[in-house]
Amino acid sequence: MKVTEHISNAKNTLFSLEIIPPKKGESIRNIYDHLDPLMEFKPPFIDVTYHREEYVYKELSNGLLEKKITRKRPGTVGICAALKHKYGIDPVPHIICGGFTREETENALIDLNFLGIDNVLVLRGDAIKSEGRFIPTEGGNNYAIDLLHQVNDLNTGKYLEEDLENPNPTDFCIGVAGYPEKHFEAPNLQTDLQRLKDKVDAGAEYIVTQMFFDNDKFFKFVEECKAVGINVPIIPGLKPISTKSQATVLPSIFHLDMPEELAKELLACKDNKAAREIGVEWGVKQSKELKEAGVPVLHYYSMGKSTSVQRIAEQVF
Ligand code: FAD
């Protein structure tokens, strides 16, 4: 079932989460151990991130360095199939522009369609870690909107090869990312909002936001979206803080502001256990307020750690 159908059928705010594939070599059991305790909150859909390739350098016996390309967290499609099979939950695979030609993207979409997966979250993807800025793959898509057009094409039966006999149209529900505190590359929030509106006008049916810790920023973003004519559901993304260092790490990675009160409390913690307690408290406060405001879904970035999400959900759902 589509994410938008889950939303329109729901009487109350839904619980959902995003998971990351385990590192190469690890077992899918890690995913099940993470999800099992969260099943009581009945997530109707679960997002599975996609991780692009990275360069690694291996020292050779002659002292030279060999540059290799590797994907440290493969398995997105397999995990999606496993989630559907084991839990009967709708998986939402993330698909990204970076690292894929349009042909490879088409083949991945065909796989997802054959697996009965109804949703995709369409993203540009980040830069390769060592490259500093996003460089489009030759023959691939440049921006999320280009990838969105490709999924739209497939949804109307338009494949890259134009002379296929009776091409079968797919029917993916398409979500996109939004940034309450602006995407870091956008020159200003208004330009970023216009890009987001372009994605919605091109067929995105819902938006999932980057994490934020100040609900007022989310509420303002929703108002600004409405003002530019964005009328699709906007799902807030929430990250339960789990370490003291995240007070400074999260703002630097995700380009967001940590509210002064939260940062102060975290920096005063004597260890990560204390920081986790603050993270749960803050997460409960944020979630309750968002739920009261009638958001369609509370979407947790669980990052392989279920305990804090579970403790928050117990108090909110
Ligand atoms: P876009 O919408 O393409 O926007 C990127 C930038 O380009 C923005 O600054 C935008 O304003 C600008 N822009 C857009 N269109 C144009 C245009 N036509 N001309 C000029 N400028 C333009 N990354 C992963 O690698 N894997 C994941 O699984 C993943 N999951 C995510 C889930 C969520 C909910 C979020 C919020 C982010 C996720 N990311 C993931 C990170 C995401 O890939 C990065 O934030 C990336 O830098 C931008 O992706 P986007 O889809 O928002 O890009």
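The values are calculated or read from the model by the stated rules, or taken from the named source; none is laboratory data. Keep in mind that what you see is a predicted model, and the values were worked out from it rather than measured. When we count neighbours, we look across all protein chains shown, and the Cβ atoms used for this are built from the backbone with ideal geometry, even at glycine. Just so you know, the surface numbers come from the protein's heavy atoms only, side chains and all, with ligands and any DNA or RNA stripped out. Shrake-Rupley method; radii C 1.70, N 1.55, O 1.52, S 1.80 Å.
Key figures for this structure:
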{"item": "Residue 278 being open to solvent by less than 60 Å² (accessible area, probe 1.4 Å), free of Cβ contacts under 8 Å to residues at least 60 places away in the same chain and in a helix (DSSP H, G or I)", "result": "yes"}
{"item": "Segment 1-57, residues that are open to solvent by 40 Å² or more (accessible area, probe 1.4 Å), farther than 28 Å from residue 113 by Cβ and touching a strand residue (DSSP E or B) at 6+ places or on another chain (Cβ under 8 Å)", "result": "55, 56, 57"}
{"item": "Options 298, 267, 250; residue that is without any contact (Cβ under 8 Å) to a residue 24 or more places away in the chain and touching a Lys or Arg at 6+ places or on another chain (Cβ under 8 Å)", "result": "267"}
{"item": "Selection count where residues are small (Gly, Ala, Ser) and either within 16 Å of the ligand (Cβ to nearest atom) or within 23 Å of the chain's Cα centre (by Cα) (or both), scope segment 149-177", "result": "2"}
{"item": "The lone exception for residue 136 - which of (1) part of a helix (DSSP H, G or I); (2) within 14 Å of residue 52 (Cα to Cα); (3) not charged (D, E, K, R) it fails", "result": "(1)"}
{"item": "Per-region count, segment 113-148, residues buried (at least 17 other Cβ atoms within 10 Å of the Cβ), touching a residue at least 60 places away in the same chain (Cβ under 8 Å) and away from the ligand (no atom under 14 Å from the Cβ)", "result": "1"}
{"item": "Given (1) more than 8 Å from the ligand (Cβ to nearest atom); (2) part of a loop (DSSP other than H, G, I, E, B); (3) surrounded by fewer than 19 Cβ atoms within 10 Å (Cβ to Cβ); (4) of a type in the set (A, V, I, L, M), index of the condition residue 110 fails", "result": "(2)"}
{"item": "Yes/no for residue 200 being more than 9 Å from the ligand (Cβ to nearest atom), more than 30 Å from residue 264 (Cβ to Cβ) and touching a Leu at 6+ places or on another chain (Cβ under 7 Å)", "result": "no"}
